[in-house]
1. With respect to PRO212, is the statement that it is surrounded by 10 or more Cβ atoms within 10 Å (Cβ to Cβ), closer than 18 Å to ALA63 by Cβ and at pLDDT below 95 true?
2. Can you name the residue in the stretch 210-226 that is assigned to a loop (DSSP other than H, G, I, E, B) and more than 23 Å from the chain's Cα centre (by Cα) and is also nearest to PRO64 (Cα to Cα) among such residues?
3. Select the helices (runs of 4 or more DSSP H) contained entirely in the stretch 14-125, then report the ones holding at least 3 residues which are hydroxyl-bearing (Ser, Thr, Tyr) and surrounded by 14 or more Cβ atoms within 10 Å (Cβ to Cβ).
4. Six or more apart or on different chains, Cβ atoms under 7 Å: show the pairs whose first residue is in the stretch 222-245 and of a type in the set (Gly, Ala, Ser) and whose second is surrounded by 10 or more Cβ atoms within 10 Å (Cβ to Cβ).
5. Those residues that are of a type in the set (Asp, Glu) and more than 8 Å from the ligand (Cβ to nearest atom), I need them from the stretch 73-99; list them, please.
6. Could you grab me the full set of residues in the stretch 47-100 that are at positive phi and in contact with a helix residue (DSSP H, G or I) (Cβ under 9 Å, 6 or more places away or on another chain)?
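The values are calculated or read from the model by the stated rules, or taken from the named source; none is laboratory data. None of these values were measured; they are calculated from a predicted model. As a convention, Cβ positions derive from the backbone with ideal geometry for all residues, glycine included, and neighbour counts pool all protein chains shown.
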Amino acid sequence: MNVAVCVKQIPDPAAPGSLHPDTKNLVREGKLILDDSDSYGVEMALQLAEHAGGGEVTLVSMAPNEETSGLRTALAMGAARAILVSDETLAGSDALGTAKVLAAAIKRAEPDLVMAATESTDGYTGTTPAQVAELLGLPSVTFAKRIDVSEGSVRVERQTEAGYDEVECPLPALVTVTAGVVEPRYPSFKGIMAAKGKPVEQLKVTDLGLSPDQVGSAGARQEVTDVAAAEERKAGEIVVDEGDAHERIIAFLEQLKVL
Ligand SMILES: Cc1cc2nc3c(=O)[nH]c(=O)nc-3n(C[C@H](O)[C@H](O)[C@H](O)COP(=O)(O)OP(=O)(O)OC[C@H]3O[C@@H](n4cnc5c(N)ncnc54)[C@H](O)[C@@H]3O)c2cc1C
């Protein structure tokens, strides 16, 4: 079974991030790392391919400056190869532009199953995977905590607030994985060495049959107009019990529509 995993490479969250003064977009000039959210999708894909007894895991990424550091981490975990789309015309891509690029790259891998994280940790609109599925005409199942594949279909336990739903759909399909549902393996020394020689196909926008005005700032339908610091948390109110504290707390919760 062949699985394509969308893998976002992001600035190291441990380093202080900065925004471009004009575009207000996150500056992504330095080394990028594998988004922690995607390590769960990679692990799940590796387990599914191992369980199926064959097939390959292909990573698909769109990132600036032909960055491969995050991809090498996922290749060291055990993925077989990667497709990287990196092109100056992609600067300023919104979520739909990103989805167009990922969908076109995924098509080349002809996967039985496409996986992505539920949301990234740097931009997190949480909309990219559903848009990829729509562009590819695939069923989309989100928030998976368990995935079983058999005989041309996929059965997913889909996390909900109350527990989980069981969803089944035919393959090929796109499934998004919730963080924490599997324990991502640490790349072994052997895996790290092997990853250096694994193929990373580098593509430009036109290699995908897309035109530069469909992507990047030219194709974006969203614009970041302003960025403001989040309001500081205000100090809470201390309710001194004079016999009516419970009534005041209930009234407060009712005002918040919690009760
Ligand atoms: C107007 C505008 C301009 C922007 N300009 C830029 C820019 O110049 N440079 C820039 O880097 N970002 C830019 N962004 C942000 C960029 O569009 C988003 O990071 C991208 O659309 C993915 O959205 P997300 O992070 O919300 O992903 P989510 O939808 O939260 O991601 C869910 C999952 O989808 C997959 N995924 C998402 N993005 C990628 C990817 N790139 N490669 C592989 N898998 C992926 C991953 O599995 C991820 O966990 C811009 C956004 C806007 C609105």
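1. Taking the combined requirement at face value, the residue satisfies it.
2. The extreme case among them is SER211.
3. Output list reads 36-52.
4. From the stretch 222-245, the pairs are ALA245/VAL239.
5. Passing the criteria: ASP87, GLU88.
6. Passing the criteria: GLY55, GLY78, GLY92.
Per-residue answers, yes or no, for (1) surrounded by 16 or more Cβ atoms within 10 Å (Cβ to Cβ); (2) closer than 30 Å to GLU66 by Cα; (3) within 19 Å of the chain's Cα centre (by Cα):
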site: SER140; (1), (2), (3): yes, yes, yes
site: ILE147; (1), (2), (3): yes, no, yes
site: GLU151; (1), (2), (3): no, no, no
site: ARG158; (1), (2), (3): yes, no, yes
site: GLU161; (1), (2), (3): no, no, no
site: LYS190; (1), (2), (3): no, yes, no
site: GLU201; (1), (2), (3): no, yes, no
site: LEU208; (1), (2), (3): yes, yes, no
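Conditions (1) more than 7 Å from the ligand (Cβ to nearest atom); (2) touching a Pro at 6+ places or on another chain (Cβ under 9 Å), marked per residue:
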{"residue": "VAL101", "(1), (2)": "yes, no"}
{"residue": "ALA104", "(1), (2)": "yes, no"}
{"residue": "GLU110", "(1), (2)": "yes, yes"}
{"residue": "ALA117", "(1), (2)": "no, yes"}
{"residue": "ASP122", "(1), (2)": "no, yes"}
{"residue": "PRO129", "(1), (2)": "no, no"}
{"residue": "GLY137", "(1), (2)": "yes, no"}
{"residue": "SER140", "(1), (2)": "yes, yes"}
{"residue": "PHE143", "(1), (2)": "yes, no"}
